[in-house]
Amino acid sequence: MSNEKSNRRPTLRIALFLICAVLILLGLNTLYSFTNTLRQLDVIEAERDQWQRPVDVLRALDLREGNTVVDLGSGAGYFALKLSPAVGKRGQVLAVDLRKLSLFFLWTRALLRGEHNVHVMVGEVDDPGLPTNSVDAVLICNTYHEFSNPERILNHVSQSLRPGGRLVVVDRGPRAPDTDHAHEVPLTAVAGQLRRSGFEIVRQDDHFIDRPGDDLWWLVVGRKP
Ligand SMILES: C[S@@+](CC[C@H](N)C(=O)[O-])C[C@H]1O[C@@H](n2cnc3c(N)ncnc32)[C@H](O)[C@@H]1O
């Protein structure tokens with residue numbers, strides 16, 4: 001009986017060794033993919049800087065040191081990481097998204113860059129979960145077209161803003177009026193929704209980014225009275 005037991009031990013050890021080896025390989029592979037994605041994000045964003053006009057988007061938000069700014073639909077943080085130095089250490093960036101993985105990438109990137117004023121928040125489809133009456137500006141870039149109920153989101157955004165606070169929406173519109181595409185939303189429709197939600201429209205640019213052979217991007221700036 002005891003002989004049988006001692007015979008089984010080496011087999012058990014080999015099995016444990018193999019399980020550990022597989023787990024370590026899986027862990028290393030995940031770490032490699034993760035760091036690779038971080039590197040790719042930097043490359044993609046450097047290219048995006050050439051055409052997305054981030055400086056003009058930030059200017060439209062009219063931010064001050066110490067402000068609280070929301071990046072609604074932040075993804076992995078293309079804008080959130082640019083907003084962070086704009087509001088400084090005394091300010092904060094609330095980065096909201098539905099996707100936890102995107103927010104995890106943003107959280108890691110902010111940590112690696114020492115941007116401690118970036119706070120990631122998991123929102124709900126119709127409710128970003130923002131604090132009331134305490135936000136200075138909200139940016140919604142390349143995300144508005146994904147909202148299933150934009151009016152409800154706009155109501156939450158309006159409640160979160162201080163009087164005088166700004167909402168900047170940047171998105172892609174159809175080049176021809178009769179085209180219908182899932183990733184496009186007309187500026188006129190969005191400006192109308194902003195007005196109905198109580199915003200004053202302070203600026204509209206229907207050719208904010210107009211590159212031949214590419215999508216037409218517009219920008220609209222709303223202000224909470
Ligand atoms: C095309 S990405 C744009 C990301 C980022 N704004 C940018 O410009 O790089 C759209 C993002 O909006 C998020 N999103 C869509 N609907 C949302 C909602 N109702 N609340 C919060 N985030 C939302 C998606 O999960 C996705 O990460």
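Is it the case that the range 17-36 has a residue that's closer than 30 Å to Arg211 by Cα, out of contact with any Ser or Thr (no Cβ under 6 Å at 6 or more places or on another chain) and not in a helix (DSSP H, G or I)? First the steps, then the outcome.
At the first step, the residues of the range 17-36 found to be closer than 30 Å to Arg211 by Cα are 36.
Now restrict to residues that are out of contact with any Ser or Thr (no Cβ under 6 Å at 6 or more places or on another chain): 36.
Filter once more, keeping what is not in a helix (DSSP H, G or I): none.
No, because not a single residue in the range 17-36 is closer than 30 Å to Arg211 by Cα, out of contact with any Ser or Thr (no Cβ under 6 Å at 6 or more places or on another chain) and not in a helix (DSSP H, G or I).
Here's a check for you: in the range 58-70, which residue that is part of a loop (DSSP other than H, G, I, E, B) and touching a residue at least 60 places away in the same chain (Cβ under 8 Å) is farthest from Thr143 (Cα to Cα)?
Initial filter on the range 58-70 (part of a loop (DSSP other than H, G, I, E, B)): 62-67.
Okay, now just the ones that are also touching a residue at least 60 places away in the same chain (Cβ under 8 Å), so 62-64, 67.
Numbers: Asp62: 20, Leu63: 21, Arg64: 24, Asn67: 22 Å.
My answer is Arg64.
Looking for something assigned to a helix (DSSP H, G or I), free of Cβ contacts under 8 Å to residues at least 12 places away in the same chain, open to solvent by 20 Å² or more (accessible area, probe 1.4 Å) and not aliphatic (A, V, I, L, M) - is there at least one such residue anywhere in the range 71-94? Quick ask: steps written out before the conclusion?
Filtering the range 71-94 down to residues assigned to a helix (DSSP H, G or I) leaves 80-87.
Those still in the list that are free of Cβ contacts under 8 Å to residues at least 12 places away in the same chain too: none.
Checking the range 71-94: not a single residue is assigned to a helix (DSSP H, G or I), free of Cβ contacts under 8 Å to residues at least 12 places away in the same chain, open to solvent by 20 Å² or more (accessible area, probe 1.4 Å) and not aliphatic (A, V, I, L, M).
Strands (runs of 3 or more DSSP E) wholly in the range 103-175 with at least 3 residues that are within 13 Å of the ligand (Cβ to nearest atom) and in contact with a Phe, Trp or Tyr (Cβ under 7 Å, 6 or more places away or on another chain) - which ones?
Values: elements: 118-122, 135-141, 161-173.
So the answer is 161-173.
Spot the failing condition for Arg166; the list is (1) under 20 Å from the mean Cα position of the chain (by Cα); (2) within 15 Å of Leu61 (Cβ to Cβ); (3) open to solvent by less than 40 Å² (accessible area, probe 1.4 Å), and only one is missed.
Here Arg166 clears every test but (3).
Would you check if there is a residue in the range 33-45 being closer than 17 Å to Leu219 by Cα, in contact (Cβ under 8 Å) with a residue 24 or more places away in the chain, within 14 Å of the ligand (Cβ to nearest atom) and not small (Gly, Ala, Ser)? Even if it seems obvious, please write down each step before you answer.
As a first pass, look at the range 33-45 and keep what is closer than 17 Å to Leu219 by Cα: none.
No, the range 33-45 contains no residue that is closer than 17 Å to Leu219 by Cα, in contact (Cβ under 8 Å) with a residue 24 or more places away in the chain, within 14 Å of the ligand (Cβ to nearest atom) and not small (Gly, Ala, Ser).
Quick one: in the range 176-189, which of the residues that are within 15 Å of the ligand (Cβ to nearest atom) and open to solvent by less than 50 Å² (accessible area, probe 1.4 Å) is modelled with the lowest pLDDT? Before you say what the answer is, go through the steps one by one.
Initial filter on the range 176-189 (within 15 Å of the ligand (Cβ to nearest atom)): 181-185.
From the residues that got through so far, the ones that are open to solvent by less than 50 Å² (accessible area, probe 1.4 Å) too are 184-185.
On the way: Glu184: 87, Val185: 92.
If we take residues in the range 176-189 being within 15 Å of the ligand (Cβ to nearest atom) and open to solvent by less than 50 Å² (accessible area, probe 1.4 Å), then Glu184 is modelled with the lowest pLDDT.
Here's a check for you: in the range 49-68, which residue that is within 13 Å of the ligand (Cβ to nearest atom) and open to solvent by less than 20 Å² (accessible area, probe 1.4 Å) is nearest to Gly222 (Cα to Cα)?
Filtering the range 49-68 for residues that are within 13 Å of the ligand (Cβ to nearest atom) and open to solvent by less than 20 Å² (accessible area, probe 1.4 Å), the one nearest to Gly222 (Cα to Cα) comes out as Val57.
The values are calculated or read from the model by the stated rules, or taken from the named source; none is laboratory data. As the structure is a computational prediction, the values presented were derived from the model and not from experiment. Using ideal geometry, Cβ is built from the backbone for each residue, glycine included, and neighbour counts are taken over all protein chains shown. Surface areas here come from the heavy atoms of the whole protein model, side chains and all, with no ligands, DNA or RNA. Shrake-Rupley method; radii C 1.70, N 1.55, O 1.52, S 1.80 Å.
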